[in-house]
Structure formats: C-alpha cells, structure tokens
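Read the structure below first, then the notes.
No lab work stands behind these numbers, since they all come straight from the coordinates. Note that the structure is a prediction, hence the values are computed from the model and not measured. Using ideal geometry, Cβ is built from the backbone for each residue, glycine included, and neighbour counts are taken over all protein chains shown.
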Amino acid sequence: MSAALRRPVARVALAVLAAVLLLAVLGGRLAPLDPLAQDTAHLLRGPGAGHPLGTDYLGRDVLSRLLAGTGPSVAAAAEAVGTALLLGVLPGLASVRFSAPLSWVALRAVDALMTLPFTLFAIAAVGVLGNGLHQAMLALGVLLAPLFFRVTRAAALGLDRAQYVEAAELMGAGRFTVLRTHVWRKVLPTVAVTTAHALATALLTVASLTFLGIGVQPPAPTWGGMLASDLGFLAQQPWAPAVPTALIMLTVGALNLLADALRDAEPAAPAPDPGPAAAAPDPLREPEEARDDHRVRV
C-alpha cells in the first residue's frame, strides 16, 4: 500500500480527498454566511463581492450552502460504507472456516442481495423506516455488504491453505489468531481497493437520494439537494448546477483514481509451480526432434 501512495496520481487523489474531508469537518465553520439565511432582496444573484458564488432562488449564499452541505454528504457515504464493511468483511473471513452447508447458504443470501438496485431499495427502506438519511444509509450499507463479503472471501480462500497458515495451525495457533495475523494482512489491500470504489458509489447514491428529496429534510443543504433546486432556475442561472456537480465529480473521480492506484500497486500473484512431474522428461516418450528426424529419414 505504501508503494501506491508514492505514485503521483495517488498523491493528487489524496490531496483532493483531504481537502474534501477538511470541508466536511470544518465546512459549517468556514461558511462566510448563514447557509439557511434568506435574503429576498438578492434572489438569484450572480457571483459578486458579498456572494462569491451568487445566491439561490431564496437569496441564500451558494458558497455557504455548498460548504455546509459537504459534511452531511460525506458523512452519509462513510456511514453506508462503514456498515457494509462491518456486515461484509467479518462474515467473509469467517465463511472461509464455515462448513460447506453454511457457506452455501451465506453465498445464496449474498447473491439475492446483489440483485437488488441500490436506489430503489433505499427508497423502500425510507418509506418503511421513515424519511431520514440514517435509514437510507443503513439500507445502502446492507446492499454494499455482499460486495465486501465476496471480495474478502475470494481473497481469503487462496490463503486458507497456504503453507505458512498450515504451519501456524500445526504450531497451535487458534483460528482467530491465524485470521488476524496471517490472513487479514494479505486481504487488507484488496479490501482497501473495494472500499475506495464503494465510497464513490455511496457518494453518488447519496447525491441521487438527496436530489430526489429523500433522506434530508429541507432546508438542510446537501450536494444533491442544491443540484435539484438549481435545475429549476436554469433560465436565470444556467451555470448554477455546475458548482455542486463539479464537487461531486471531483470527489468521485479522486476516489476512483485512488482505488486504481491501490489496485495497480498490489503485487502480482506468483505463477504456480508446475511441479517435478511436469519438469522431468518422460523416458518412454520420444522427443519431438527425434520424431521429426525419423519422418525425414523415412
């Protein structure tokens, strides 16, 4: 993983993500004005001295709302991925040690969850549990968990019968110790790549839900909510939707670039040893050169 962080692309992606994280933590404090304050005398104004990014249809400062909306959007995506990590990684590691029937049941349940669409399932969960961002992110985390389950299980299966794992078991190491010490370290890079991709997916889903007005009660600012409100006033401000859209695309692009850098930095799996049987020549088999020479002589 340290090799991936030395790449220029990974450093640029980390710089962008660090800036977004800083805005998520301090966005409300850095906002120059109250993001909820309305000014009916300055509706749909363009960028100016008092409003660097202009005002919206209620006279609220766009820059302040953009800064204040970064925190809820990023926190919601992190909540969904954290839920998926908890529900997917630990069962994925444990399933390697399950008996065959239990593993089969777990895999079939995972396959069933993977067929459900993210946005529709989140909307259904909000309709049942109430209109709240936590309910929607819990549903999204449940749907992302099968991805982590399958990735973790696939990576751990190749290590479960490794020689150093068998040696540790013969020396008396328990199953939990083997998973924590010998298997988890090898699985961690793969989980890190999946986490970066899942964060990008969760962020887009959060923006889609808030765009539809699901999960956040207005007038609370979010990236998707700002995009939805700006689309209603394209005639007056055709450039306004580009502001939240650029921030969403920049964050998602940085996450995907970081995931690609982590994936490319993973060491390639060594080629399997053909074994002595494949390397040793068969004494009863005539070499190809001898057979060709024999055909020429005949």
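Summary of computed values
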| quantity | calculated |
| --- | --- |
| Three semi-axes of the equivalent ellipsoid, the range 28-75, Cα gyration tensor, whole Å, largest first | 19, 10, 9 |
| Residue list for the range 236-254, given a label point 7 angstrom along the Cα-to-Cβ vector of V12 and an amide N cut-off under 11 Å | 254 |
| Inter-label distance, nm, simple model (7 Å from Cα along the C-beta direction), A246/A100 | 6.0 |
| FRET E, pair Q38, L116, Förster distance 35 Å, beta-carbon r, rounded to 0.05 | 0.30 |
| Extension gain (nm, one decimal) between H134 and L21, 0.36 nm per residue minus Cα-Cα | 38.7 nm |
| Label-point gap, in nm, between L86 and R108 - each point 7 angstrom along Cα→Cβ | 2.8 |
| Efficiency of FRET from Cβ geometry, F233 and R185, R₀ 51 Å, rounded to 0.05 | 0.45 |
| For the range 1-63, diffusion coefficient by Stokes-Einstein and Kirkwood Rh (Cα), 25 °C, 0.890 mPa s, µm²/s | 177 |
